[in-house]
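Okay, handing you the structure first.
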Amino acid sequence: MTDTPQDLPEGASKRLAELEHGLFTSDLSVNEFLLIKEVGFHPLGFVMGSSIYHTGIQTRKWGQSQELTKLTEAMYNARELAMTRMEEEAAELGADGVVGVRLDVNYYEWGKDAAEFIAVGTAVKADNGVSHRNKLGKPFTSDLSGQDFWTLMQTGHIPQGLVMGTCVYHIAHRGIGQTLGSAGQNVELPNFTQALYEARELAMTRMQDEANQLGASGIVGVRLEEKSHQWGSHTIEFLSLGTAVVKTSGEVTLPAPTTIISLDN
Amino acid sequence: MDDVPGDLPEAAARRFSEGAFTSGLTVPDFAACLQMGLEPAGYVQGFCVMKWGSWQFYPGAGAYGGYGPSVGSTHGGYSESWQCPHGFVSAEHRVWGQNYEQPWVEEAWANGFTSAYERLIEEASALGAHGIVGLVDTSAPLGDLGVLEFRVQGTAVKVRDGPPPADGRPWTTYLAGQRLAKLIEAGYMPVSIAATVASVRVWASCITAYLTEGTNPGWTSQAVGAEIEQTARAQMAVRRIARERVRSQLGGDSLHGASMGTRERELGEGDADLECILRGNRVRRFKEFDPMPAPRPTVRLS
């Protein structure tokens, strides 16, 4: 416990020190626990990181669609801080990685414009002592369940990190002239299409940049989430999330599926 | 990536020129696709934002006659009308009712959907994909703008060691993973998705309005529990139009895993807007059905 990062609370160090003596905590179900053991990993402890971030405001032009870069940065940095702290807790336990990561945003009454970003997951370590840390020497993170983790390992891939990209975009209000101009018609609004398209692509590109930094060969389970948080309906955060994976062997060791018939019920 | 089509956003071109693949598949679907020899090439998407107003369009009287449907149309498509059998005129009494198809709604929907779908195909083609699996399409209002956004997203895949796609147009399917594997096992290959919408407007006649609103004044001699003929026929028509339109798109192929959803927007006094969306996978037989091994019985320990 020599290299405790400075920004972990005292309570965390104490809890983690106890975990080092063999007791583990995890939020894995029994089935997930068994599957993770089966591929040669064991859980070390439930880890988390959090960051309360003042996301501030940014002036928007009423009639213009544009990215709100300050908000984008805030949303990104806050999640990054939460993730990093969770990784630090995991590193503290000597973990190879974290599975079942969940990223949440909470708003509280007491903090206007402030949000808590929280990342939680279960730290795991390989039984055989071979390091499975990623290219940056950090524990890998992934939002995969125990079942998904097992299946992914059978396809010759190993997770490298939960990667994300975000883009906060303001969508223009339409002027009265424009609204009247197309009243009663169902026509495409190319400006809107282009703006939203661009916003989503930006989020995905940023996610891919993260994956490239990890030297990943791909990203599985990409999700594209859209939330207006507390900004009103014209400002939307586009968040893309996925697990970056790297191919360790060309071999898919998954046996051919057996057809089954369930006798339950 | 020299051949990125001109109307893809710059960020899309940038995203595709990088090495790593992205996939919207879950891990089990990812594993099943690898096992089938399909390698994910990239998560692809297409969007179209449409101005979406409400239509205040009154088509004018259809064919004239006694009470009961008289089929005929003044603007193309399905239409039938009902005359009041009561033989008196008052401001509160609806003397005439009509059901009619709204081709302008259907066309607008098709435009929005097709534009988004074509953009998805362009993205996949730019990646040199053979097909797109696990398609998801939605249409949702965007904020309070009075606009509707069509979205089509999926994972572009390449067939491992396969020749480059023949006509450059990737096949598409809503299926992914083991469900797609089972389809291929059964001897069918995906061709494309099929999706269509049918829209019918109900202008209630006096009888329909009374029956729907429960305001029967007593002299319409309609029994409780009687069918509301006009609304029932509109519901049947909207489903029939959707089915016939999809069938006309199949060109000899089969429709697999079809799902039909009907929405009714009530407009008061028996008036309503009906919408029916029909989706499915267009599939083509490519080999004889080879029975799968008999399933092994299992019992879950939970």
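The values are calculated or read from the model by the stated rules, or taken from the named source; none is laboratory data. Because the structure is predicted, anything quoted here is derived from the model rather than measured. So basically every Cβ, Gly included, is an ideal-geometry build from the backbone, and we count neighbours across all protein chains shown. Each accessible area value is taken on the protein alone, full model and side chains, heavy atoms only, with ligands, DNA and RNA left out. Shrake-Rupley method; radii C 1.70, N 1.55, O 1.52, S 1.80 Å.
Hey, B:Val133 hits all of (1) surrounded by fewer than 24 Cβ atoms within 10 Å (Cβ to Cβ); (2) within 14 Å of chain A (Cβ to nearest Cβ) but one; which does it fall short on?
Of the numbered conditions (1) surrounded by fewer than 24 Cβ atoms within 10 Å (Cβ to Cβ); (2) within 14 Å of chain A (Cβ to nearest Cβ), the odd one out for B:Val133 is (1).
In the stretch B:90-128, how many residues are of a type in the set (A, V, I, L, M), open to solvent by less than 30 Å² (accessible area, probe 1.4 Å) and either within 14 Å of chain A (Cβ to nearest Cβ) or closer than 30 Å to B:Cys206 by Cα (or both)?
6
Quick check: anything in the stretch A:150-160 open to solvent by 10 Å² or more (accessible area, probe 1.4 Å), at pLDDT 80 or above, over 29 Å from A:Gly137 (Cβ atoms) and not charged (D, E, K, R)?
No, every residue in the stretch A:150-160 fails to be open to solvent by 10 Å² or more (accessible area, probe 1.4 Å), at pLDDT 80 or above, over 29 Å from A:Gly137 (Cβ atoms) and not charged (D, E, K, R).
Residue-by-condition table, conditions (1) within 9 Å of another protein chain (Cβ to nearest Cβ); (2) open to solvent by 10 Å² or more (accessible area, probe 1.4 Å); (3) aliphatic (A, V, I, L, M); (4) part of a strand (DSSP E or B):
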| site | (1), (2), (3), (4) |
| --- | --- |
| A:Leu202 | yes, yes, yes, no |
| A:Arg223 | yes, yes, no, yes |
| A:His229 | no, yes, no, no |
| A:Leu239 | no, yes, yes, yes |
| A:Gly242 | yes, no, no, yes |
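Could you list, ordered by first residue, the pairs with Cβ atoms under 7 Å in which the first is in the stretch B:20-41 and more than 20 Å from A:Leu241 (Cβ to Cβ) and the second is among the basic types (Lys, Arg), at least 6 apart or interchain?
B:Gly37/B:Arg160; B:Glu39/B:Lys158; B:Glu39/B:Arg160
What pairs come up if the first residue lies in the stretch B:288-301 and is more than 7 Å from chain A (Cβ to nearest Cβ), the second is surrounded by 10 or more Cβ atoms within 10 Å (Cβ to Cβ) and in a loop (DSSP other than H, G, I, E, B), and their beta carbons are under 9 Å apart, counting only those six or more places apart or on different chains?
Close Cβ pairs satisfying both conditions: B:Glu288/B:Gly187; B:Phe289/B:Ala186; B:Phe289/B:Gly187; B:Asp290/B:Ala186; B:Asp290/B:Gly187; B:Ala294/A:Thr259.
Sticking with this structure for a sec: Among the residues of the stretch B:243-272, what is the count of those that are touching a residue at least 60 places away in the same chain (Cβ under 8 Å) and either of a type in the set (Ser, Thr, Tyr) or within 14 Å of chain A (Cβ to nearest Cβ) (or both)?
Count: 1.
Just one of (1) hydrophobic (A, V, I, L, M, F, W, C); (2) assigned to a helix (DSSP H, G or I); (3) more than 16 Å from the chain's Cα centre (by Cα) trips up A:Ala95, so point out which.
So the condition that A:Ala95 fails would be (2).
Per-residue answers, yes or no, for (1) open to solvent by 30 Å² or more (accessible area, probe 1.4 Å); (2) in a helix (DSSP H, G or I); (3) modelled with pLDDT of 90 or more:
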residue: B:Ala198; (1), (2), (3): no, no, yes
residue: B:Tyr210; (1), (2), (3): yes, yes, no
residue: B:Asn216; (1), (2), (3): yes, no, no
residue: B:Trp219; (1), (2), (3): yes, no, no
residue: B:Gly225; (1), (2), (3): yes, no, no
residue: B:Met236; (1), (2), (3): yes, yes, yes
residue: B:Arg240; (1), (2), (3): yes, yes, yes
residue: B:Arg243; (1), (2), (3): yes, yes, yes
residue: B:Ser248; (1), (2), (3): yes, yes, yes
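Between a residue in the stretch B:1-17 that is facing another protein chain (nearest Cβ under 10 Å) and any residue that is surrounded by fewer than 17 Cβ atoms within 10 Å (Cβ to Cβ) and at pLDDT 70 or above, which pairs come within a Cβ distance under 8 Å, given they are 6 or more apart or on different chains?
B:Pro9/A:Gln194
Right, here's the next one. Go through the stretch A:248-265 and give me each residue that's in contact (Cβ under 8 Å) with a residue 40 or more places away in the chain and surrounded by fewer than 13 Cβ atoms within 10 Å (Cβ to Cβ).
Selection gives A:Ser249, A:Gly250, A:Glu251, A:Thr253.
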